[in-house]
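Colleague: My questions all concern the structure below.
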Amino acid sequence: MALVEVVSSSAKQAEQLRQDGNTYFKKERFGAAIDAYTEAITLCPNVPVYWTNRALCHRKRNDWNRVVEDCRRAIQLDHSSFKDDFLWVTEEAWFSVLFKGDAPLLIKSIWGIFRLLTGLLLLISETVSFLSSHAGCSFAFIPRQAKYSTCEMAAWALKKSFTRFLMANKLPLSVILVAHYMLGLALQQRHEYTEGVKELERAMDLGRGANPNSYMVEEIWQELAKAKYLEWEHESTKHTWELQTLKEACESALEEKHFLDTSQTEGVSDEATEANSAELELLGQVFAKAAEDNRPREVPDYLCCKITLDIFRDPVITPSGITYERAVLLDHLKQVGEFDPTTRELLYESQLIPNLAIKDAVQAFLDKHGWAYKTD
């Protein structure tokens, strides 16, 4: 019982320190907030939110190295959360409830079991519902999506159901999302573009699966697009420099060859000069072609939403066969009315299906043309 009381007391002190830190943070007293969160971490080092809260303070101070450290620790702790939840059950819950009447502590202690069982039931229920609605259908109105099997669509349903369930459990998802998001931002500041993009993509997946129309998803997308564009810009500059260096080396080699050829004969013939000019012109065409992919141009219409005219982020297709950006269409259904913006036919959110083919096409285009990530 003594151990249980010590653990309970430490947890309550840590939570009070977190609230104190939040108060300091709102007043922009970031040093005091960091001290409060640090004390909370000392008392309860296995609570991810304490680490992400402190990381937020470090971000305000542009201390990106410490942001990276705290976010990685929060993510590491979250990976073992199910195990920790069950340890709470065995070590504390029942003693607290039976001998102390601590109902809030019981709720906290058995949260892991509730998350696991409820999540499993939700996943099964939503996946069965999805397959009942869509399995076996011809997808006649989605000609480019025919390559996706029922299993692949079911996998999408599982992923979406899981992230939606996590969203209902606001604390865990928000902590995970914020940790990946801030880690991505910090890595970008350290010019670790590739790893930073990966973390932002993880945050984007979590946010989009739970609530695709939320402000957080839009904010993450803006940062992700900026990071992707910076990554492309960095690689493009390097690639352009390498091409130019190689081109100059090839031109020098051709000039040297022309000089050697003419030095072995009397005078410089018009034929040799013309041949050298033709070789240099052909060389220029080859390198111009190699640089084409790095030149910004118009994005193909089929990769853009008919409403926003921007490249798709999360495309969904309606029964009429028209593809829209999910967040924009959901906003239309909510604010304007439940009908297709183009055909004016009755339309409900439950009828929307991810256009995986277009999504893959967009991703392939962006992978090849990173300049398309640039937002105005």
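Colleague: If R₀ is 25 angstrom, what is the calculated FRET efficiency for the pair Glu242 and Leu282, using the beta carbon separation as r and rounding to 0.05?
Modeller: On the way: r = 20 Å, r/R0 = 0.80.
FRET efficiency, Glu242 to Leu282: 0.80.
Colleague: Say the cut-off is 27 Å between C-alpha atoms; which of Lys27/Lys226; Lys228/Lys289; Lys198/Lys238; Lys60/Lys198; Lys26/Lys374 go over it?
Modeller: Cα-Cα > 27 Å for Lys27/Lys226; Lys26/Lys374; rest within.
Colleague: For the stretch 301-373, what log10 I(q)/I(0) values come out of the Debye formula at q = 0.24, 0.27 1/Å, with one point per alpha carbon and no solvent?
Modeller: With one equal scatterer per Cα and no solvent, log10 I(q)/I(0) is -1.05, -1.26.
Colleague: Further question on the same structure: I'd like the trypsin sites (Lys or Arg not before Pro) in the stretch 299-367 restricted to DSSP loop residues with at most 12 other Cβ atoms within 10 Å, sorted by number. Intermediate values should be presented prior to the final figure.
Modeller: Values: sites: Lys306, Arg313, Arg326, Lys334, Arg344, Lys359; in loops: Lys306, Arg313, Arg344.
Counting only loop positions with at most 12 other Cβ atoms within 10 Å, the trypsin sites (Lys or Arg not before Pro) in the stretch 299-367 are Arg344.
Colleague: How long is the gain from Glu218 to Glu195 if the chain were fully straight, where each residue apart is worth 0.36 nm and the alpha carbon distance is subtracted? Show your work: numbers first, answer last.
Modeller: Details: separation 23, 0.36 × 23 = 8.28 nm, distance 2.04 nm.
The span from Glu218 to Glu195 would gain 6.2 nm if fully extended.
Colleague: Something else now. Dipole of the stretch 235-294, Cα-centred, from +1 at each Lys and Arg C-beta and -1 at each Asp and Glu C-beta, to the nearest 20 debye? Don't skip to the end; give the middle numbers.
Modeller: Numbers: 4 positive and 15 negative charges, 55 e Å.
Magnitude of the dipole: close to 260 debye.
Colleague: Which net charge results when you count Lys and Arg as +1 and Asp and Glu as -1 among the other residues whose beta-carbon is under 14 Å from that of Leu283? Working shown, then result.
Modeller: Numbers: positive: Lys247, Lys257, Lys289; negative: Glu248, Glu251, Glu255, Glu256, Glu279, Glu281.
After counting each charged neighbour, the total is -3.
Colleague: Taking the simple approach of a point 7 Å from Cα along Cα-to-Cβ for both Lys60 and Glu298, what is their distance in nm?
Modeller: 4.8 nm
Colleague: Roughly how many nanometres apart are two label points built 7 Å out from the Cα toward the Cβ at Asn46 and Lys27?
Modeller: 3.4 nm
Colleague: Using the beta-carbon distance between Ser350 and Asp310 and R0 = 35 Å, what value does 1/(1 + (r/R0)^6) give for FRET efficiency, to the nearest 0.05?
Modeller: Details: r = 25 Å, r/R0 = 0.72.
E(calc), rounded to 0.05, equals 0.90.
Colleague: Assuming a ≥ b ≥ c are the square roots of the Cα gyration tensor eigenvalues, decide whether the stretch 235-294 counts as rounded (a/c under 1.5), prolate (otherwise, with a/b larger than b/c) or oblate. Before the final figure, lay out the partial values.
Modeller: Details: a/c = 6.58, a/b = 2.47, b/c = 2.66.
It is oblate, given that a/c is not under 1.5 and a/b is not larger than b/c.
Colleague: Then there's this: Using a Förster radius of 45 Å, what is the FRET efficiency between Leu260 and His234 based on their Cβ-Cβ separation? Nearest 0.05, please. Walk me through the intermediate numbers first.
Modeller: Numbers: r = 40 Å, r/R0 = 0.88.
In this case the efficiency is close to 0.70.
Every number here is computed from the coordinates shown, using simple stated rules; none is lab data. The structure displayed is predicted, hence computed values, not measured ones. We place every Cβ from the backbone using ideal geometry, glycine too, and count neighbours over all the protein chains shown.
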